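Taking it in order: structure first as structure tokens, then the write-up.
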Amino acid sequence: MTSYRMPLARPKDSAMIAGVCAGLAQRFGMKPSTVRILFLVSCLLPGPQFLVYLVLWVLIPKR
């Protein structure tokens, strides 16, 4: 049995800032709020989270 995955794109309707978290959530079958919370929690850890978010904002096409 094959499963269809949504293409990675930033949706206009469920975007809060740029739609990156909403696009990732749709792609991986999660709720956008879950991905947003995971991103916010990851910001407490050291690392380039904001830089990755900005890169994804530029690279992921808008739907």
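With a probe of 1.4 Å, find how much accessible area segment 1-41 has per residue, and write the answer as a whole number in Å².
That works out to 73 Å² for each residue.
Collect residues whose amide H, placed 1.01 Å from N in the peptide plane, falls under 5 Å from the amide H of residue 10; neighbours closer than 5 in sequence don't count.
Residues meeting the amide H criterion: 62, 63.
Apply the a/c threshold of 1.5 to the C-alpha gyration tensor of segment 9-63 and tell me whether it is rounded, prolate or oblate. Don't jump to the answer; show the numbers that get you there.
Values: a/c = 2.18, a/b = 1.33, b/c = 1.64.
In terms of gyration-tensor shape, oblate.
Compute the relative contact order of segment 15-59 as a whole-number percentage, counting only Cα pairs closer than 8 Å that sit 6 or more residues apart in sequence. Walk me through the numbers on the way to the answer.
Numbers: 27 pairs, mean separation 14.4, N = 45.
Answer for segment 15-59 is 32 percent.
Placing +1 at every Lys and Arg Cβ and -1 at every Asp and Glu Cβ, with all other atoms neutral, what dipole size does the chain have around its Cα centre, in debye to the nearest 20?
180 debye
Which FRET efficiency value, to the nearest 0.05, is calculated for residue 58 and residue 31 with the Förster distance at 22 angstrom and r the Cβ-Cβ distance?
That gives a FRET efficiency of 0.35.
Which order do you get for 20, 58 if you rank them by accessible area with a 1.4 Å probe, largest at the top? Mind showing how you got there, number by number?
On the way: 20 0, 58 120 Å².
Result of the area sort, largest leading: 58, 20.
Suppose accessible area is computed on protein heavy atoms with a 1.4 Å probe; arrange 33, 14 from highest to lowest. Each step should come with its number before you reach the end.
Details: 33 60, 14 40 Å².
Largest accessible area first, the list is 33, 14.
Spelling out what I want: for every residue of segment 21-28, take phi, set θ = phi - 60°, compute 6.51 cos²θ - 1.76 cosθ + 1.60 (Karplus), and round to whole Hz; glycine and proline get x.
Couplings: 5, 5, x, 5, 5, 5, 4, 9 Hz.
Order the following by accessible area, largest value first: 8, 59, 24. Probe radius 1.4 Å; ligands, DNA and RNA are ignored.
Highest to lowest solvent-accessible surface, that is 59, 8, 24.
The values are calculated or read from the model by the stated rules, or taken from the named source; none is laboratory data. All values reported here derive from a predicted model rather than from experimental measurement. We place every Cβ from the backbone using ideal geometry, glycine too, and count neighbours over all the protein chains shown. Each accessible area value is taken on the protein alone, full model and side chains, heavy atoms only, with ligands, DNA and RNA left out. Shrake-Rupley method; radii C 1.70, N 1.55, O 1.52, S 1.80 Å.
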